[in-house]
Every structure is written in C-alpha cells, then in structure tokens.
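Read the structure below first, then the notes.
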Amino acid sequence: ERKTATLFEAGARIAAVLAEASPAIEHRCAQYGAALGRAFQIVDDMLDYSGHTEVIGKRLGDDLREGKVTLPLIHVLRNAAPEQRELVVRAVREGNGDFRAIARIVSDNGSIDYAGRLARREIEQARQALSDLPPSEHRDSLLHLLAFAIGRDR
C-alpha cells in the first residue's frame, strides 16, 4: 500500500512542479496523490477477495497465496473467531489453503465493508486536497479519477 501511495504522490508532485504551481498547490497535489494511491491500493486489496477473475484479469487470492497480509486480512485477524484466525494465519504462512473459505471469512467478518469505508475516507481526503485548486477542466479530471478509483471492478 505504501509503495502505491508514494508513487501516486510523487507523480502528482511532479505534475505540479512541471505546471509551475506554487509550493502550496504542489503540497495539495502531493496530498491528493498520496490519498488517491492509498484508496487505489485498498480497492485492489478488496478485489482480491470480492472481485471476479474474468473481470479483474487475475486469479483471486493471489495476495493470500503470496503471503501478503492486506487490509482485509488485518481486519479479519483483529475481529474473527479464534478458529477463523488460525485458518487465515495458516493459509498466509503456507501460501495455500481453501481460498473460498478464507474469502467467506473475510466477507462474513465485514472486512470488505471495513476496507471500503477506509477507501472512501481516503477519497474524501483527496477531494479535500483539491478544494483549494481553482475550478478547471484539470481539477474536474482529477475529481473524475477519484470516482474511477473507488468504483473500479478491475
């Protein structure tokens, strides 16, 4: 998550510098990019458990198979029943397990909903970062990008 947010932040900062924006606007653009990057990554983490393979273009559960503990799993580990937590921990450590069972645990514990709330919070932070920018087609494009990031299915 941190890597994606850093890349988005850097890209937004570079764009502001190239546009010869003021330091204040450059800072707001960097804030926008970082929040957008965090939201984008959270949605990506959610799709690994709730997406459809034919739509997202990758096999569901790849993060789990690679031993990546993403936001939905962190939520599960904090909130699931002990036997559910053990199943998740074992799957992460071994890189295998019953993905459907893990996905059901993630869903049943509200972990997708939790991640969605955090992604929407990040989108709102990004939107706030743009509030000082003067109205323009460029700002409108950045706002449309927020809607895409939160609503994407791939």
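Here region 128-146 is the region considered, the condition is being open to solvent by less than 60 Å² (accessible area, probe 1.4 Å) and not hydroxyl-bearing (Ser, Thr, Tyr), and the residue that is nearest to Gly116 (Cα to Cα) is Leu146. Scanning region 66-96 for residues that are assigned to a helix (DSSP H, G or I), in contact with a Lys or Arg (Cβ under 8 Å, 6 or more places away or on another chain) and open to solvent by 40 Å² or more (accessible area, probe 1.4 Å) yields a single hit, Leu77. When region 1-37 is filtered for residues that are open to solvent by 60 Å² or more (accessible area, probe 1.4 Å), touching a Leu at 6+ places or on another chain (Cβ under 8 Å) and assigned to a helix (DSSP H, G or I), only Phe8 remains. A single entry from Ala80, Ala147 fulfils the requirement of being in contact with a helix residue (DSSP H, G or I) (Cβ under 9 Å, 6 or more places away or on another chain), within 15 Å of Ala35 (Cα to Cα) and of a type outside the set (S, T, N, Q): Ala147.
Would you tally the residues in region 97-154 being among the small types (Gly, Ala, Ser) and within 29 Å of Ser22 (Cα to Cα)? Break it down into steps so the answer makes sense when it comes.
Filtering region 97-154 down to residues among the small types (Gly, Ala, Ser) leaves 97, 101, 103, 107, 110-111, 115-116, 119, 126, 129, 131, 136, 141, 147, 149, 151.
Subset that is within 29 Å of Ser22 (Cα to Cα): 119, 126, 129, 131, 136, 141, 147, 149.
Summing the residues that are among the small types (Gly, Ala, Ser) and within 29 Å of Ser22 (Cα to Cα) in region 97-154 gives 8.
The values are calculated or read from the model by the stated rules, or taken from the named source; none is laboratory data. No experiment lies behind these values; they were computed from the predicted model shown. Every residue, glycine among them, receives a Cβ derived from its backbone with ideal geometry; neighbour counts consider all protein chains shown. SASA here: full protein model, heavy atoms, side chains in, ligands and nucleic acids out. Shrake-Rupley method; radii C 1.70, N 1.55, O 1.52, S 1.80 Å.
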